Amino acid sequence: MGFRLQEVVPWGRSYAEYRDMFALTRTDLKKDILGCADGPANFNAEQSKKGGTVISVDPLYRFSAGEIKDQIDKVFETVLDQTRKNAGEFVWKTISSVEALGEIRRRAMNDFLDDYTHGKEAGRYRDHSLPTLPFPDQSFGMALCSHYLFFYSAHLSLDFHRQSLRELARVAKDVRVFPLLELGAVPSRHLDEVCRLLSEDGLRVHIERVPYEFQRGGNHMLCIRSS
């Protein structure tokens with residue numbers, strides 16, 4: 001049957017995973033970065049500690065730290081149970097087991113929660129969502145979108161993907177989206193058509209291999225730049 005979730009869930013990846021998922025170089029990390037649909041990832045927290053500039057947007061950020069923790073706690077065991085039942089969809093190399101996955105994710109999300117209230121007051125966590133963003137054109141050097149677009153292709157339409165990616169390309173010079181698989185470790189049903197439509201819109205689109213693979217076959221990102 002494959003890995004399934006009924007809705008988008010709060011599930012945070014680590015700083016190291018972001019770095020590898022998006023093939024981020026030292027030069028990349030010096031840019032002003034927009035993290036779109038970051039959820040409870042700790043990329044913003046860690047990058048800010050390192051002196052970087054990151055703004056994360058997600059409708060999750062309308063809630064308090066306590067409310068977000070409650071949401072995480074409600075889905076945590078469900079996600080691990082789904083992963084355990086569908087273990088063949090994953091590559092157990094860097095992450096060695098479901099138990100190790102739980103430890104890594106919980107640590108990343110706890111780091112996020114520790115940073116969240118201060119970061120929200122500082123304007124680093126903002127309650128916005130695709131397909132429209134409240135930023136001027138080319139506000140950011142880079143926009144990153146992890147485990148939302150394409151990943152939730154069963155939940156989000158082709159038109160939503162097109163509008164969202166055009167919007168990310170409007171506000172950032174370099175857009176990167178990972179993974180290009182949807183839940184179930186299968187290629188996104190929208191990927192080919194989205195790439196065609198974005199090219200028709202005048203955007204430069206290409207797919208690049210990255211040094212990260214947890215979903216089996218999920219080791220490519222979509223890169224978009226304005227012509």
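Below, the figures for the structure above:
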read-out: Stretchable slack from Glu208 to Asp159, in nm (0.36 nm times residue separation minus alpha-carbon distance); value: 15.3 nm
read-out: Residues of the range 20-34 with amide N under 20 Å of a point placed 7 Å along Cα→Cβ from Ser226; value: 28, 31-34
read-out: Amide H partners (placed H, <5 Å) of Ala143, local residues excluded; value: Leu34, Asp174, Val175, Arg176
read-out: Proximal aspartates and glutamates relative to Lys31, as straight alpha-carbon distance under 13 Å, when same-chain residues fewer than 8 apart are discounted; value: Asp174
read-out: The chain, helix-only ellipticity at 222 nm - DSSP H runs n ≥ 4, -39,500 (n - 2.57), divided by all residues, nearest 500; value: -12000 deg cm²/dmol
read-out: Contact order relative to length of the chain, as percent, for alpha carbon pairs under 8 angstrom and 6 or more apart; value: 25 percent
read-out: Cα-based equivalent ellipsoid of the chain: semi-axis lengths in Å, sorted from largest, via gyration tensor; value: 24, 22, 16
read-out: Protection-proxy order for peptides 60-72, 182-194, each taking the mean of Cβ atoms within 10 Å per residue, highest first; value: 182-194, 60-72
read-out: Chain lengthening between Glu103 and Thr132 when straightened (0.36 nm per residue, less Cα-Cα); value: 7.0 nm
read-out: Overall form of the range 158-219 per C-alpha gyration tensor (a/c, 1.5; a/b vs b/c); value: prolate
read-out: Gaussian network model of the chain, Cα within-10 Å springs - most flexible of Glu17, Glu46, Glu200; value: Glu200
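Computed from the coordinates by the stated procedures, all read-outs in this text should not be read as laboratory data. Predicted model only: the values in this text are computed from it and were never measured. Cβ sites come from the backbone with ideal geometry, for glycine too, and all protein chains shown count toward neighbours.
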